Protein chains: 2
Amino acid sequence: MSYTVNKLARISGVSARTLRFYDEIGLLKPAFYGDNQYRYYEEEQLLMLQQILFFRELGFPLSDIQQILGSDDFDKIESLKTHKSILQSNLEQTETLIKTIDKTISHIRGKLIMRDAEMYDGFDPKKQQEHEKYMLDSGIISQQQVDDSWNKVSHWKKPNWEQFQNEGEQLNQDLTKAMKQGLKPESEDTQILIQRHYAWVNNFWTPTKETYIGLGKMYLDHPDYRSFYNKYHPDLVEYLVSAMNIFAERELS
Amino acid sequence: MSYTVNKLARISGVSARTLRFYDEIGLLKPAFYGDNQYRYYEEEQLLMLQQILFFRELGFPLSDIQQILGSDDFDKIESLKTHKSILQSNLEQTETLIKTIDKTISHIRGKLIMRDAEMYDGFDPKKQQEHEKYMLDSGIISQQQVDDSWNKVSHWKKPNWEQFQNEGEQLNQDLTKAMKQGLKPESEDTQILIQRHYAWVNNFWTPTKETYIGLGKMYLDHPDYRSFYNKYHPDLVEYLVSAMNIFAERELS
DNA sequence: TCTTGACCTTGACGTTACGTCATTTGTTAT
DNA sequence: ATAACAAATGACGTAACGTCAAGGTCAAGA
């Protein structure tokens, strides 16, 4: 019962090219060649091949496998031991690489959060921290909420940020338009816009009646926010905040 | 301050060939080429190179590095994440490989111990077990000592075994010679040989006066041992055992 | 000015373990 | 006989450089 290349390839799971290559480098010679130069393998070669594949899966280079299969059991054990220690140092190596990757990811994320924190409202990270401090000190939000908020956005992807910024931009434009049209802050249309504002803020945290009013107060108190909203219209902050107060009284608790 | 290839190579720790290669594949072009075709790099390229090397150490292929360095931080994080998961599956893979190696080592060791157990005294493993049983039953050694003995030899390397066998062979020949010369078992020369026998047995376990005598008794009782020593001389067993008894009485306790 | 030695250049082949053609010859089935 | 299939050889491609080889360039001393 002799196997031809493709038959042996199929039953052993390697390619015919591989068998030809092993023949070429002298790792596994066929049992004999036919008059047609065809390679014919037998059981013995099949067993040999299985040994080869075993060591190959362990990651031994073919040259080592050659020498290992020609050596006795003592030397096999030695080879296995040294190979094992190589694998073990690979393990450690890979573990530190993974740690490095983790550190790099959080580093980049830190940069990104800073950058985006600046981008979405036009304030630089230091000012952002001031605002946080203000909100903490004035009891608008708790430290826990600050942390939750950062955790929330740190998982955001690019599209999230873009959508978030677009929503904010659109909202402010719509508010400006409503104000210019002379709509009262308590008007239904404006309140619908404030509903959108509330939902928008929910991207970070969920204000209560009290803290939503506090947020409005911060808009008024802080020159950074004033100048931000002044880009749309000088009266926009007051308009927005009074509408927010009405919304808070009517809808929040 | 422009660096030439070798200078940049030295300060960055890569080879000049590597820099030329990176230029070739467009990964890191020099700041400019001189009229002499020399490559000149500047700080910017040094920083770039350090980025490249960072990702290279993480195991990224150069083609990926190209694309990563051209992408923004979001995509970098994504690349790092996917690379991390690749590394993690490598970890698992390697761990199972190590386990496989361990299993293979102990498998081969098992075979070896069997084979060597046969080789060193010419008995096959089953008979060896009989002898162990005999020695256990007759109180020559304890189960603990049997285990210790196997543990001892299972760490042996090829040279150990060869030396051990050579020592035994030499000792038996010397004993035969002494016997043929008409030396009495209690003669000093013969007792020195027995001293060697005692030391030889110590390769496995440390007999007491009583157990050393028991071992001699086994040599006499067991046909396997008789036929083993008969290869040297039909009277060798009796000669050896009586010398062992004298040694035990005089030297052991 | 000439030479020397250090430094630079561009090839081009070698490495690992095959994959993937292209081309040709051999076998088998209809 | 002819088509379809199987096997052969040969050669190039892969990744990331290492390692020559052969030849230009630069700074410095004689």
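The values are calculated or read from the model by the stated rules, or taken from the named source; none is laboratory data. This is a predicted model, so every value here is computed, not measured. We place every Cβ from the backbone using ideal geometry, glycine too, and count neighbours over all the protein chains shown. To get the accessible areas, we keep the full protein, side chains included, count just its heavy atoms, and leave off ligands, DNA and RNA. Shrake-Rupley method; radii C 1.70, N 1.55, O 1.52, S 1.80 Å.
In degrees from 0 to 90, rounded to the nearest 10, what is the angle of the helix A:158-180 Cα long axis to the longest principal axis of chain A? On a 0 to 90 degree scale, this one is about 20. For the protein assembly as shown, what class follows from the C-alpha gyration tensor (a ≥ b ≥ c being the square roots of its eigenvalues): rounded when a/c is under 1.5, otherwise prolate if a/b is larger than b/c, else oblate? The shape class here is prolate. Remark: for residue pairs A:K103/B:K84; B:K111/B:K231; A:K7/A:K29, the C-alpha separation exceeds 20 Å in B:K111/B:K231. Take B:G59, push a point 7 Å out from Cα through the beta-carbon direction, and compare it with the same point in every other copy: 0.9 nm, smallest first. For B:K111, the accessible surface of its heavy atoms amounts to roughly 100 Å² (probe 1.4 Å, protein chains only, rounded to the nearest 10). Among A:I141, A:N203, B:S106, flag the residue with its Cα farthest along the positive direction of the charge dipole of the protein assembly as shown, charges on Cβ as +1 for Lys/Arg and -1 for Asp/Glu. Sorting the options by dipole projection puts first B:S106. A 1.4 Å probe run over the protein chains yields, for segment B:3-70, 59 Å² of accessible area per residue, whole-number rounding. Rounded to the nearest 10 degrees, the inclination of helix A:143-154 to the longest alpha-carbon principal axis of chain A is 50 degrees. Rolled with a 1.4 Å probe across the full set of protein chains, the surface gives A:T176 an accessible area near 10 Å². Each of A:S89, A:Q191, B:T4 was placed along the dipole of the protein assembly as shown (beta-carbon charges, centred on the mean Cα), and the one lying farthest toward the positive end is B:T4. Within 10 Å of the Cβ of each residue in A:47-60, the mean number of Cβ atoms contributed by other protein chains is 1. Be a star and scan segment A:22-54 for residues whose amide nitrogen sits under 15 Å from the point 7 Å along the Cα-to-Cβ vector of A:S15. Residues passing the 15 Å test: A:22-23.
Spacing of the modelled spin labels on A:L53 and B:T4, each 7 Å from Cα toward Cβ, amounts to 5.6 nm.
Using a 7 Å projection from Cα along Cα-to-Cβ, the label point at B:S149 is separated from the same position in the remaining copies by 7.8 nm, smallest value first. Rolling a 1.4 Å probe over the protein heavy atoms leaves A:R20 with an accessible area of roughly 110 Å². Solvent-accessible surface, computed for protein heavy atoms with a probe of 1.4 Å, shrinks by 30 Å² or more for the following residues of segment A:76-92 when the other protein chains are added to the isolated chain: A:I77, A:L80, A:K81, A:K84, A:L87, A:L91. With Cα atoms as the point set, the radius of gyration and Dmax of chain B evaluate to 35.0, 98 Å. Here the Gaussian network model covers chain B, with springs between Cα atoms less than 10 Å apart; of B:I52, B:I194, B:I113, B:I52 fluctuates the most.
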